[in-house]
Amino acid sequence: MPEAEVEAKKNGSSRKKKKDALGWMEWLRGWLYVIYEMLFQRILASHLQNPLPLPPVNDLTCIVTGSTSGIGREIARQLAESGAHVVMAVRNTKAAQELIQKWQEEWSGRGLPLNVEVMELDLLSLDSVARFAEAWNARLGPLHVLINNAGIFSIGEPQRFSKDGYEEHMQVNHLAPALLSVLLLPSLIRGSPSRIVNLNSVMHYVGFVDTEDMNVVSGKRKYTSLFGYSSSKLAQVMFSSVLQKRLPAEAGINVLCVSPGIVHTNVARDLSRVVQAAYHLIPYFIFSPQEGSRSTLFSATDPQIPEYCELLKADDWPVCAFISQECRPTNASEEAHNIETSYKVWEKTLEMTGLPSYAVERFLEGDEVKCRYGAQQV
């Protein structure tokens, strides 16, 4: 058992009272950070070009989830136009194929045809996630960058559950990407040095995860879409932090989370008409999807990212690398530094996704691992 985990358990056993929510000071600081980013993100990112120039990526194979709209579409298109082999992992494969045809037509005459393909992936089905990983790993080829971009924020909607029985925000934003990341480790090892880039959100600063009630059904707290979204994003940071620690330096795989900023995406479709009107009245403060894609593209391609991730690991920093919307290292929320909760999130996530506790270690050793979803043998 890693020393950090042992220490976390010791610290946890010494606590007299279980934390049931963010303290009011943590909550206030979190919201102040969210408001600050919304008001000043464009000024803070004024040094960035749009679109963001990318280094040579001709040798990279990249999987991008949720790449038919918004930030994901920009990420996939820009990587492809820069020479990468891009796999659009999406639920609507027809829409993706139509996009590729459009991109190829627009790109015609500017160079070699774009190297883009489509594979079906539905994050609301853990079986779909496992089948996708099985199909990709079966190719026995390398994967250099996994970009977990797909996510949902059902603003104002009632609580809904996937067919797997999990609250939809938690499954789409955390559980499914976590399962995909672990199951694709064999391909990421073949592509080493490789990266897992998780598109996170500044809203994780106001999130709180109760590992005994990740579905928010106990009645201890009232469910809101905001709570569902923010807690799922915090869970993603916590899980990513432990995964980064579990991966030895020699594996050559780095895990990081990024904030795209406050971006004008399809989330606006879920807003009321009044709020939508206000949303469109402040374009100066809101990033376009192309601007929102910059931090992820930077995290996926910048040559200094592995060195930074390894530096944090060497310093025993409790949180994985977190890159801000202005493409600079920043600090995750106070609650994200809670090591005890992070390891509980890790254990609970593996349990919920049907993976054994030793999954990562077995994959690193080149062994097969049984998963409750998909074809059972991965």
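The residue list G252, G207 contains one member that is modelled with pLDDT of 95 or more, crowded, with 21+ Cβ neighbours inside 10 Å and more than 13 Å from the chain's Cα centre (by Cα), which is G207. Among residues that are in contact with an Asp or Glu (Cβ under 8 Å, 6 or more places away or on another chain), modelled with pLDDT under 95 and among the acidic types (D, E), D270 is included. Scanning the range 146-161 for residues that are of a type outside the set (S, T, N, Q) and surrounded by 24 or more Cβ atoms within 10 Å (Cβ to Cβ) gives L146, I147, A150, G151. Could you please let me know if Y229 is aromatic (F, W, Y) and at pLDDT below 95? So Y229 fails the test. Among the residues of the range 189-216, those that are touching a strand residue (DSSP E or B) at 6+ places or on another chain (Cβ under 8 Å) and more than 18 Å from C320 (Cα to Cα) comprise I189, G191, S192, M214, N215, V216.
The residue list E74, E117 contains one member that is acidic (D, E) and either free of Cβ contacts under 8 Å to residues at least 12 places away in the same chain or not in a helix (DSSP H, G or I) (or both), which is E117. Could you say whether any residue in the range 279-289 is over 15 Å from I75 (Cβ atoms), crowded, with 18+ Cβ neighbours inside 10 Å and modelled with pLDDT of 95 or more? No: the range 279-289 contains no residue that is over 15 Å from I75 (Cβ atoms), crowded, with 18+ Cβ neighbours inside 10 Å and modelled with pLDDT of 95 or more.
Just one residue in the set M214, M170 is surrounded by fewer than 24 Cβ atoms within 10 Å (Cβ to Cβ) and either aliphatic (A, V, I, L, M) or touching a His at 6+ places or on another chain (Cβ under 8 Å) (or both); that residue is M214. Of all residues in the range 120-147, those satisfying the criterion of being assigned to a helix (DSSP H, G or I) and of a type outside the set (D, E, K, R) are L126, S128, V129, A130, F132, A133, A135, W136, N137.
The listed residues are S194, S201, and the only one of them that is hydroxyl-bearing (S, T, Y), crowded, with 22+ Cβ neighbours inside 10 Å and under 20 Å from G261 (Cα atoms) turns out to be S201. Return yes or no: is R29 in a helix (DSSP H, G or I), buried (at least 19 other Cβ atoms within 10 Å of the Cβ) and either touching a Cys at 6+ places or on another chain (Cβ under 7 Å) or touching a residue at least 40 places away in the same chain (Cβ under 8 Å) (or both)? Against the criterion (in a helix (DSSP H, G or I), buried (at least 19 other Cβ atoms within 10 Å of the Cβ) and either touching a Cys at 6+ places or on another chain (Cβ under 7 Å) or touching a residue at least 40 places away in the same chain (Cβ under 8 Å) (or both)), R29 does not qualify.
The values are calculated or read from the model by the stated rules, or taken from the named source; none is laboratory data. All figures in this text were calculated on a predicted structure; none of them were measured in a lab. Please note: Cβ atoms are built from the backbone with ideal geometry, for glycine as well, and neighbour counts cover all protein chains shown.
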